[in-house]
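The values are calculated or read from the model by the stated rules, or taken from the named source; none is laboratory data. Computed from a predicted model, the values in this text were never measured in an experiment. Cβ placement follows ideal geometry from the backbone for every residue including glycine, while neighbour counts extend to all protein chains displayed.
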Amino acid sequence: MSHLLWKSYWEDDVDKFRRLLSPAGPSAQNAARSPNIGSGGASSPGGLGTSPRPPARSRKAPGLGIAHGNSRYGNAGGFGRTEVNSRDHTGLTILLRAASSTAENAVSFVEALLAHPGIDIYVQDPESGWNALHRALYTGNISIARLLLEKERNDLMGHTASVHRVGRLIKTKDHEGNSPFDLYNSTIGERDLKALEEQSEDDYDSDTEEGEDAQDSAS
C-alpha cells in the first residue's frame, strides 16, 4: 500500500496524496457497500427469518493493508504508521524527502503527512542522521520548519507525545553532532554573511570608482 503514497508523491499529485491519507479511505467505501450496514432485520438481503447481528464487533475488511485493525491510528485511508513512515531505497521517508524539497507543492505534502496520526516527525536519515527539521533548515524551507515545530508543540499539548520527547526535534544531533539549528547557523548563516561581505565589497568598489570619476572630472 505504501507504494501508492510514493507514486502520488513522485507524480506531484497532492490531491491524490491527500485522498489516500484521508479518513474516508477504502475502509469507509467498503463499509458503505456492505449489505449489513444501514439496514436491519427483514430488509437485509438473506436476512429473512434470522436475528439481526449485533453491531458490537467490527470486522476487518480484507486486503486493505496493515493499518486496519490498528485502533490507535484508526482507518486513515487504510494507511497506518508503517505505511506513512515507509522508506525508499536510500532510507528516506516521504516526510524527509518533502522537508528538503524545493518543489512548489512540498509544503502541501508536508501538511498532509503531519495531519496523519501515525506520522513520525523524529525519524532520521540513516546516512547523515538528519531529521526532517535538519533537512528543512538546511535548504531554507522555513515554512516547513515551522510546521514541524508546530506539530511537535500540538502533540505535546494534546498529550499524544511522550514527555521525554519535549524539544527532541531541535535537540536531535546528526552524525557530526549538529542539531538542526547548528546546521542552519553553519550553512544558511554563513551564506548570508558571505553575501553581505560580497555586497559590501561591491559597494566599496562602486564608491571607489565614483570617487575616481569625480577626481577626473575636477581635474
message: Can you find a residue that is of a type outside the set (Lys, Arg), within 19 Å of the chain's Cα centre (by Cα) and at pLDDT 90 or above anywhere in the stretch 19-30?
response: yes
Scanning the stretch 53-80 for residues that are at pLDDT 50 or above and crowded, with 18+ Cβ neighbours inside 10 Å, the one nearest to Arg18 (Cα to Cα) turns out to be Gly77
All conditions in (1) among the β-branched types (Val, Ile, Thr); (2) at pLDDT below 70; (3) in a helix (DSSP H, G or I) are true of Thr187 except (2)
